[in-house]
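The values are calculated or read from the model by the stated rules, or taken from the named source; none is laboratory data. The structure displayed is predicted, hence computed values, not measured ones. Virtual Cβ from ideal backbone geometry, glycine too; neighbours counted across all protein chains shown. Please note that ligands, DNA and RNA were not included when accessible areas were found on the heavy atoms of the full protein model with its side chains. Shrake-Rupley method; radii C 1.70, N 1.55, O 1.52, S 1.80 Å.
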Amino acid sequence: MHDAVWLNAKLATMTGAVIRDGALATSGGRISWVGERHQWNEKARSEHDARGAWILPAFIDCHTHLVYAGNRAHEFELRLKGASYEEIAKAGGGILSTVRATRGASEKELVAAAQRRLSRWVAEGATVVEVKSGYGLDRDTELKMLRVARLLAGVTVRTTFLGAHTLPEEYQGRADAYIDFVCEEVLPAAAEEKLVDAVDVFCERIAFSRAQTARVFDCAKRLGLPVKLHADQLSDLGGAALAAEYGALSADHLEYSSEQGVAALAHAGSVAVLLPGAFYFLREARLPPIAALRRNGVPIALATDHNPGSSPLSSPLLAMNMACTLFRLTPEEALAGFTRNAARALGMQATHGTLEVGKAADFALWEIDSPAELVYAIGAAPCVRRERADKW
Ligand SMILES: [Zn+2]
């Protein structure tokens, strides 16, 4: 006896199978049956009529900076009125303004703000969201951000430690000393409190070098934590190859990654996470190496990269549309990017990302004629129901 069954549904399982008249049953928070409706001859305690809706695996946003205080709308406004970066910094803008606001906010205020934002993901059928720290840059605030992320309700949260996001004011000119502090004090404390699912670094000329990134990754390794990387967004620092060297779950951004970097990712089995929101918002021109990723068979995931500075984007659907319009991904690639491959980017491929027996009963029902419609439409919100298993 199954707990529930959905009949009269179209199923895009994201394993390659499309079932136009299907049934999907769940038991104990897992998918317990999936297939053609005419083959369904079992029993379930409750029976739902999907009324011809499409069922897809719930969306997974594998790269966000969802927890922070304040926003940077004023900075956006100043820039559009012609202010330079220097003037914006003088007016108190930039990433360090988010750091100041986040340090000053209480845990309760941060939870309330993030929970409000998160309602957009829930409305678009997402059930798993990765959340990074990185606006604290001191021990207490980094831990506070991770605790806040763990308190968020309505989705399954995966927390990523991003203490090496940017250099805090008190360490200006002393980047190596800051990396010491991250490796010796902050990350071990966060790991000790069991607040960390993965470790990330912003490897970039304006942030941390390859050598500094490697030191953080070595520290993660000692603590038994998987790594991921903000790599090659603004220049080719060899971030993709470095991520691959450490067997990273994912390398993210990748606009400037070389062919060798892509081949290394393929060899390591790392996922390429593309972030069209930041590409759009920063009006970047250099496209990520899509052809090389395809040629090398690197799995491509997509994410919103939601953050107040470079990607104030709260919509997985719009991120998919942007990936197709700006990066020329196919709708199928975009959907895989927010389901199957996003699960893999979080190390959750055994339990999430496809409609298969044994996986979490996380899925969404959509009032659409074909899955491509989700990617094609801009501003539509045709999610009619979202199902989520409680605990993972
Ligand atoms: Zn990011």
* **Alpha-carbon Rg/Rh ratio, for the stretch 40-93, with Rh computed the Kirkwood way** => 1.45
* In Å, what is the Rg of the alpha-carbon atoms in the stretch 283-392, and how long is Dmax? -> 14.7, 43
* To do: At a Cα cut-off below 19 Å, give the lysines reachable from LYS144, other chains included and same-chain residues fewer than 8 away excluded.
  => LYS108, LYS132, LYS194
* To do: Go through the stretch 114-127 residue by residue and turn each phi into a ³J(HN,Hα) via Karplus (6.51, -1.76, 1.60, θ = phi - 60°); whole Hz please, and just put x for glycine and proline.
  => 5, 5, 4, 4, 4, 4, 5, 5, 4, 5, 9, x, 8, 10
* Relative packing of peptides 71-83, 334-346, 196-208 - highest average C-beta neighbours within 10 Å first -> 334-346, 196-208, 71-83
* **Total charge dipole magnitude, the chain, about the Cα centre, Cβ charges on Lys, Arg, Asp, Glu only, Debye to nearest 20** => 480 debye
* Asked: If you bin the C-alpha pair distances of the stretch 337-392 every 5 Å from 0, what whole percents do you get?
  -> 4, 17, 22, 24, 18, 12, 3
* Mind jotting down the distance between the C-alpha centroids of the stretch 204-241 and the stretch 94-134, whole Å? => 24 Å
* Tell me, which cysteines of the chain are without a disulfide-compatible partner by the Cβ under 4.7 Å rule? -> CYS62, CYS203, CYS324, CYS383
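Restricting attention to the stretch 235-319, which trypsin sites (Lys or Arg not before Pro) occupy a DSSP loop and are surrounded by at most 12 other Cβ atoms within 10 Å?
Here the sparse-neighbourhood loop sites are ARG283.
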* Asked: What is the mean projected area of the alpha carbon convex hull for the stretch 190-241, to one decimal in square nanometres?
  -> 3.6 nm²
* List the relative contact order of the stretch 73-193 as a percent without decimals, with contacts defined as Cα pairs under 8 Å and 6+ residues apart. => 22 percent
* Structure fact -> With the 8 Å Cα cutoff and a minimum separation of six or more residues, the chain has a relative contact order in percent of 18 percent
* Asked: Could the peptides 362-369, 59-66, 104-111 be put in order, highest first, of the mean number of other beta-carbon atoms found within 10 Å of their residues?
  -> 59-66, 362-369, 104-111
* **Förster-model FRET efficiency, 30 Å R0, ALA83 and ASP218, C-beta, rounded to 0.05** => 0.15
* Give, as a single signed number, the net charge of other residues whose beta carbon lies under 12 Å from the beta carbon of HIS63, with Lys and Arg counted +1 and Asp and Glu -1. => -2
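Working with all protein chains in place, sort LYS90, LYS132 by solvent-accessible area computed with a 1.4 Å probe, largest first. Don't jump to the answer; show the numbers that get you there.
Details: LYS90 165, LYS132 5 Å².
Final ranking, largest accessible area leading: LYS90, LYS132.
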* So what is Rg over Rh here for the chain, counting just Cα atoms and using Kirkwood for Rh? -> 0.98
* Whichever lysines have a C-alpha closer than 26 Å to that of LYS43, once near sequence neighbours (fewer than 8 apart) are set aside -> LYS10, LYS359, LYS391
* Taking every DSSP beta bridge that has both residues in the chain, what percent is antiparallel when rounded to the nearest 5? -> 40 percent
* Asked: Which residue, SER250, SER46, SER27, has the most motion in a Gaussian network model of the chain that connects Cα atoms within less than 10 Å?
  -> SER46
* To do: Note down the Stokes-Einstein diffusion coefficient of the stretch 1-103 in µm²/s, whole number, using a Kirkwood radius over alpha carbon pairs, 25 °C, and 0.890 mPa s.
  => 138 µm²/s
* Structure fact -> With R₀ set to 45 angstrom, the calculated FRET efficiency between the beta-carbons of ALA177 and ALA153, to the nearest 0.05, is 0.75
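Helix-only estimate, please: 222 nm mean residue ellipticity of the chain, summing -39500 (n - 2.57) across DSSP H runs of length 4 or more and dividing by its residues, to the nearest 500. Show your work: numbers first, answer last.
Numbers: 16 runs with 140 residues, N = 392.
That comes out to -10000 deg cm²/dmol.
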* **Cβ-Cβ FRET estimate between GLU36 and LEU287, R0 fixed at 41 Å, reported to 0.05** => 0.50
* Structure fact -> Of all C-alpha pairs within the stretch 57-163, those more than 25 angstrom apart amount in percent to 27 percent
* Structure fact -> Length gained if ALA380 through ASP49 is fully extended, taking 0.36 nm per residue and subtracting the Cα-Cα distance, is 116.9 nm
* Structure fact -> Label model pair ASN296, GLU184: point-to-point distance (7 angstrom along the Cα→beta-carbon line) in nm is 3.6 nm
